[in-house]
Structure formats: structure tokens, C-alpha cells
Amino acid sequence: MVDLYHNRVLELAADIPHVGTLEDAHGSATKVSRICGSTVRVDVKLADDGDTIEAIAVDPKACALGQAATAILSENAIGATYDELVEARDQVRAMLKDGGEPPRGRFWELRHLEGVRDYPPRHASTMLAFEAVLAAIETARTSRAAAADALPAA
């Protein structure tokens with residue numbers, strides 16, 4: 001049996017970077033696990049390319065697993081692109097649901113959550129931060145598009 005709450009998971013859960021809110025966020029999203037009630041709110045500010053995270057703030061109200069995943073996301077999100085975050089989310093999902101390899105690169109520490117695979121009710125809380133950051137980016141993109149459409153024609 002895998003120890004879900006091993007030392008590194010607890011260290012990550014106890015030291016989450018960028019906790020709070022962004023006053024000048026371009027996009028925000030909150031995701032909730034219907035299974036356990038965990039929530040994670042993510043605010044993002046995007047670079048001029050509309051694709052890269054320039055600033056992030058997180059507000060997790062989750063179990064240690066959800067908080068650890070949020071810490072890994074928050075620590076490594078600045079400079080990440082939407083596509084990198086989609087890839088990380090998909091790799092975590094594959095790791096948990098299909099026995100896939102843990103993510104490599106920027107989000108390599110998600111490997112510490114590999115033991116969650118054996119506990120399907122914990123999958124949702126582990127995925128929340130990545131679902132929230134992607135939704136926040138999509139909100140930011142929608143807001144930018146609406147603002148651009150509102151500009152008078154030159």
C-alpha cells in the first residue's frame with residue numbers, strides 16, 4: 001500500500017506559493033470537487049501573447065493532495081503556456097487513471113502524487129488546480145477578445 005500522505009506531499013501542501021488573489025487578474029476560475037467538496041480558485045495575469053502566465057494567485061481549500069498539486073502548479077506556472085498546462089493536466093490524468101508515467105519537465109514534482117492512482121475518489125481533488133488554471137486562462141482569453149471587439153474600428 002502506498003503512503004498517500006508521505007513527507008513530500010505534506011511539505012508541498014504546507015508551503016503553497018502565490019496564495020491569495022490578483023487584483024489585476026485577467027482571468028479567474030474556481031473548481032470544486034463534487035466528491036469531497038475541495039475547491040481551488042486560480043487568478044491569472046497573461047503576458048501580451050495571451051498564452052503565457054505572467055502572474056498567478058491561488059486559493060486552495062482542499063485536502064493535502066489537492067493542496068500539494070496546487071503548490072506544484074503555483075510554483076511552476078509563471079512562464080508556462082496554455083499548451084504546457086494542458087499537457088501537464090493530461091499527463092496527471094493519464095498517471096492517475098491509466099497508469100501512465102508522471103509528468104516530466106516543469107511539473108515533474110507531480111510524481112509525488114502517483115500513489116493517488118489507487119484511490120479514485122481522490123483523483124478529482126488532485127486535478128482541481130490544473131482544471132482551474134486552464135479555465136482561468138480561457139476566461140482571460142474571452143475577456144480580451146470581448147475587449148478587442150468593443151474597440152471602435154480604425
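Every number in this text was worked out from the coordinates using simple rules, so none of it is lab data. Computed from a predicted model, the values in this text were never measured in an experiment. Glycine gets a Cβ as well: all are built from the backbone with ideal geometry, and neighbour counts include every protein chain shown.
Name every residue in the range 59-103 that is without any contact (Cβ under 8 Å) to a residue 40 or more places away in the chain, touching a helix residue (DSSP H, G or I) at 6+ places or on another chain (Cβ under 8 Å) and assigned to a helix (DSSP H, G or I), in order of residue number. Selection gives Asn76, Glu84, Gln91, Val92, Arg93, Met95, Leu96, Lys97. Output the residues belonging to the range 23-58 that are closer than 17 Å to Tyr82 by Cα and outside any strand (DSSP E or B). Hits for the range 23-58 are Ala25, His26, Ala47, Asp48, Asp49, Gly50, Asp51.
Is there a residue in the range 51-72 that is closer than 14 Å to Val19 by Cβ, of a type in the set (Ser, Thr, Tyr) and out of contact with any Leu (no Cβ under 6 Å at 6 or more places or on another chain)? So far as the range 51-72 goes, yes, one or more of its residues are closer than 14 Å to Val19 by Cβ, of a type in the set (Ser, Thr, Tyr) and out of contact with any Leu (no Cβ under 6 Å at 6 or more places or on another chain). Among the aromatic types (Phe, Trp, Tyr) and either more than 22 Å from Thr139 (Cβ to Cβ) or surrounded by fewer than 19 Cβ atoms within 10 Å (Cβ to Cβ) (or both) - does that describe any residue in the range 98-108? Yes, because at least one residue in the range 98-108 is among the aromatic types (Phe, Trp, Tyr) and either more than 22 Å from Thr139 (Cβ to Cβ) or surrounded by fewer than 19 Cβ atoms within 10 Å (Cβ to Cβ) (or both).
I need the full set of residues from the range 13-43 which are under 12 Å from Glu131 (Cα atoms) and under 13 Å from the mean Cα position of the chain (by Cα), in order please.
Those that are under 12 Å from Glu131 (Cα atoms) and under 13 Å from the mean Cα position of the chain (by Cα): Ser28, Ala29, Thr30, Lys31, Val32, Thr39, Val40, Arg41, Val42.
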